[in-house]
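*Asks:* To start, I am sharing the structure in question, which I have written as structure tokens.
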Amino acid sequence: MTISQKMQDALIEQLHHELYSANQYLTMASYFLKDDLDGFANFFLVQAQEENLHAMKQFKYLHDVGGHVKIQSIPEPINHFTSITHVFEITLAHEKKVTQSISNLIKLSLQENDFATHTFLQWFITEQVEEEALVNTIIKKLKMIGDNSSALYLLNDELAKRTFDSQSE
Ligand SMILES: [Fe+2]
Ligand SMILES: [Fe+2]
């Protein structure tokens, strides 16, 4: 099985988006650790691990289909946040961009008649649906919480329970 140069380049670009995502979520985790919101920090640490796993899935696939990967520079993530809600709004906007970029890859795989890559990408588009839904739910909860700090700590406790599962993710 060989992959076209165009498809390979596009997947490598996506792999860089995943690495960028991991860095974005790591800096968000640090923002919460600074304020001792360990549950929120945990949510983003797990998120960062998932993004690294996405990059590794693409790395492995590219080699399985005869490609190779040259890692280039990754832009600096957003490092300034004004509120908890702001962090989640940035997350949602970012995930929507990633969904668009996966959709573009799927379109390209069809143009290239690359059905192996088309199948490979199905997992990622399903994952995007889940990620957007998860972040949307948290934004709704944050809106309900408003400035009620005890409710905020309950959400913090809930997010502390999230674990990284390298098998299912
Ligand atoms: Fe991802
Ligand atoms: Fe993501």
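The values are calculated or read from the model by the stated rules, or taken from the named source; none is laboratory data. The structure displayed is predicted, hence computed values, not measured ones. Note that each Cβ is placed from the backbone with ideal geometry, even for glycine, and that neighbours are counted across all protein chains shown.
*Asks:* Could you please let me know if residue 32 is more than 30 Å from residue 154 (Cβ to Cβ) and surrounded by 15 or more Cβ atoms within 10 Å (Cβ to Cβ)?
*Replies:* Values: more than 30 Å from residue 154 (Cβ to Cβ): no; surrounded by 15 or more Cβ atoms within 10 Å (Cβ to Cβ): yes.
In short, no.
*Asks:* Here is a list of conditions, (1) away from ligand 2 (no atom under 14 Å from the Cβ); (2) closer than 19 Å to residue 28 by Cα; (3) out of contact with any helix residue (DSSP H, G or I) (no Cβ under 7 Å at 6 or more places or on another chain), and residue 104 meets all of them except one; can you say which number that is?
*Replies:* (2)
*Asks:* Report yes if residue 73 is over 18 Å from residue 41 (Cα atoms) and modelled with pLDDT under 95, otherwise no. I'd like the intermediate steps shown before the answer.
*Replies:* Values: over 18 Å from residue 41 (Cα atoms): yes; modelled with pLDDT under 95: no.
When the stated conditions are applied, residue 73 does not pass them.
*Asks:* Which residue, of 110, 142, 154, is without any contact (Cβ under 8 Å) to a residue 60 or more places away in the chain, in a helix (DSSP H, G or I), out of contact with any helix residue (DSSP H, G or I) (no Cβ under 8 Å at 6 or more places or on another chain) and surrounded by 11 or more Cβ atoms within 10 Å (Cβ to Cβ)? Write out each step before concluding.
*Replies:* On the way: 110 fails: out of contact with any helix residue (DSSP H, G or I) (no Cβ under 8 Å at 6 or more places or on another chain); 142 fails: out of contact with any helix residue (DSSP H, G or I) (no Cβ under 8 Å at 6 or more places or on another chain).
Step by step, each of 110, 142, 154 is checked, and only 154 is without any contact (Cβ under 8 Å) to a residue 60 or more places away in the chain, in a helix (DSSP H, G or I), out of contact with any helix residue (DSSP H, G or I) (no Cβ under 8 Å at 6 or more places or on another chain) and surrounded by 11 or more Cβ atoms within 10 Å (Cβ to Cβ).
*Asks:* Does residue 95 satisfy the criteria of being of a type outside the set (Val, Ile, Thr), in contact with a helix residue (DSSP H, G or I) (Cβ under 8 Å, 6 or more places away or on another chain) and either surrounded by fewer than 11 Cβ atoms within 10 Å (Cβ to Cβ) or under 26 Å from residue 7 (Cα atoms) (or both)? Quick ask: steps written out before the conclusion?
*Replies:* On the way: of a type outside the set (Val, Ile, Thr): yes; in contact with a helix residue (DSSP H, G or I) (Cβ under 8 Å, 6 or more places away or on another chain): yes; either surrounded by fewer than 11 Cβ atoms within 10 Å (Cβ to Cβ) or under 26 Å from residue 7 (Cα atoms) (or both): yes.
Here the answer is yes, as residue 95 does meet what is asked.
*Asks:* With respect to residue 121, determine if the residue is without any contact (Cβ under 8 Å) to a residue 60 or more places away in the chain, touching a helix residue (DSSP H, G or I) at 6+ places or on another chain (Cβ under 8 Å) and either assigned to a loop (DSSP other than H, G, I, E, B) or crowded, with 16+ Cβ neighbours inside 10 Å (or both). First the steps, then the outcome.
*Replies:* Details: without any contact (Cβ under 8 Å) to a residue 60 or more places away in the chain: yes; touching a helix residue (DSSP H, G or I) at 6+ places or on another chain (Cβ under 8 Å): yes; either assigned to a loop (DSSP other than H, G, I, E, B) or crowded, with 16+ Cβ neighbours inside 10 Å (or both): yes.
So residue 121 fits the description; yes.
*Asks:* Let me ask something else. Restricting to segment 19-56, and then to whatever is under 24 Å from residue 118 (Cβ atoms) and in contact (Cβ under 8 Å) with a residue 60 or more places away in the chain, can you tell me which residue is farthest from ligand 1 (Cβ to nearest atom)?
*Replies:* Step by step, filter segment 19-56, then rank; the result is 53.
*Asks:* Filtering segment 84-134 down to residues that are among the small types (Gly, Ala, Ser) and within 16 Å of ligand 1 (Cβ to nearest atom), which residue is farthest from residue 67 (Cα to Cα)?
*Replies:* As a first pass, look at segment 84-134 and keep what is among the small types (Gly, Ala, Ser): 93, 101, 103, 109, 116, 133.
Now drop any that are not within 16 Å of ligand 1 (Cβ to nearest atom), which leaves 93, 101, 103, 133.
Values: 93: 31, 101: 20, 103: 21, 133: 33 Å.
Across segment 84-134, the extreme among qualifying residues is 133.
*Asks:* Do the conditions hold for residue 96, that is, is it in a helix (DSSP H, G or I), charged (D, E, K, R) and within 15 Å of ligand 2 (Cβ to nearest atom)?
*Replies:* yes
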